[in-house]
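Scroll down for the structure; my scribbles are underneath it.
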Amino acid sequence: MLQANPQAGLKELFSAEQIRREVGRVAEEIDGMYGEEPLVVLCVLKGAYAFFSDLVRHLKNRNVELDFLRLSSYGNATDSSGAVTLVKDIDVDIKGRHVLVVEDVVDTGHSMSFLLRHLAQLGARSVRIAAVIDKRERREVDVRVDFSCFNLDHGFIVGYGMDYSEHYRTLPGINELLFSDRERPGRF
Ligand code: PRP
């Protein structure tokens with residue numbers, strides 16, 4: 001596994017205040033979509049924990065049930081290879097229910113594609129996706145993010161829940177991790 005480099009530079013892309021505004025906007029969109037309809041909101045651990053926590057507290061809908069799941073994709077710290085597995089499944093029964101999946105970043109789309117198939121098999125009535133960052137230009141499979149705070153087309157992003165080898169998740173803003181030329185992964 002790649003190690004985090006303590007010398008690596010960080011460039012802030014979105015401040016905590018910008019994030020707060022966007023989360024509020026996204027929460028209004030979600031409330032506009034569901035109103036008071038019962039809704040299951042799923043947090044995709046670990047990266048979505050910060051967004052999930054902020055988002056659900058902005059929602060006006062009080063008919064919300066929360067649950068958590070964890071995916072694993074086989075790759076290194078900066079690259080998901082496309083082979084996705086479920087490490088922790090949900091406990092709540094979603095059959096016939098509206099589901100909102102909360103993610104940190106949707107990149108190639110392999111993780112969400114896998115999860116959407118899984119949730120369909122469990123009988124969800126509808127599934128929509130909310131993500132902090134939508135990297136739609138980098139999609140390798142057709143996945144649409146319904147609610148996003150920010151769109152990006154490149155860069156390795158850390159902070160606000162997102163990590164590099166488990167570092168930087170607790171940063172309040174969203175930052176681009178600047179690699180030295182020697183360390184730079186090919187696809188960034
Ligand atoms: C990240 C992110 C998504 C996935 C997106 O998870 O949370 O689940 O990668 O990439 P994709 O669209 O190319 O599939 P990661 O494996 O970094 O786990 P983490 O959330 O625990 O940090």
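The values are calculated or read from the model by the stated rules, or taken from the named source; none is laboratory data. Computed from a prediction, not measured in an experiment: that's the story for all the values here. Cβ: placed from backbone, ideal geometry, glycine included. Neighbour counts: every protein chain shown.
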Seminar exercise, completed: Residue pairs within 6 Å by beta carbon, gap of at least six or interchain, first lying in the range 112-123 and assigned to a loop (DSSP other than H, G, I, E, B), second of a type outside the set (Gly, Ala, Ser), listed first then second, are LEU122/ILE94; GLY123/LYS95
For this session: Among the residues of the range 34-58, write down those that are part of a loop (DSSP other than H, G, I, E, B) and more than 16 Å from the ligand (Cβ to nearest atom).
Result: GLY35, GLU36, GLU37, PRO38
For this session: Just one of (1) within 30 Å of PHE179 (Cα to Cα); (2) modelled with pLDDT of 95 or more; (3) in contact with a strand residue (DSSP E or B) (Cβ under 7 Å, 6 or more places away or on another chain) trips up ALA50, so point out which.
Result: (3)
Problem set entry | Residue check for ASP134: touching a helix residue (DSSP H, G or I) at 6+ places or on another chain (Cβ under 8 Å) and within 25 Å of GLU29 (Cα to Cα) | no
Exercise. LEU100 fails exactly one of the following numbered conditions: (1) in a loop (DSSP other than H, G, I, E, B); (2) modelled with pLDDT of 95 or more; (3) not charged (D, E, K, R). What is the number of that condition?
Worked result: (1)
Exercise. So, in the range 37-51, of the ones that are within 9 Å of the chain's Cα centre (by Cα) and within 17 Å of ALA27 (Cβ to Cβ), which residue ends up surrounded by the most Cβ atoms within 10 Å (Cβ to Cβ)?
Worked result: PHE51
For this session: Looking only at the range 172-181, decide whether some residue is at pLDDT 95 or above and on the phi > 0 side of the Ramachandran plot.
Result: no
For this session: Determine which member of the set ILE133, ILE157 is under 20 Å from HIS58 (Cα atoms) and among the aliphatic types (A, V, I, L, M).
Result: ILE133
Exercise. On the given criteria, is VAL105 touching a helix residue (DSSP H, G or I) at 6+ places or on another chain (Cβ under 9 Å) and within 29 Å of GLU37 (Cβ to Cβ)?
Worked result: no
Exercise. With THR108, THR85 as the choices, which residue is without any contact (Cβ under 8 Å) to a residue 40 or more places away in the chain, among the polar types (S, T, N, Q) and not in a strand (DSSP E or B)?
Worked result: THR108
Exercise. Taking the range 127-167 only, how many residues are part of a helix (DSSP H, G or I) and basic (Lys, Arg)?
Worked result: 2
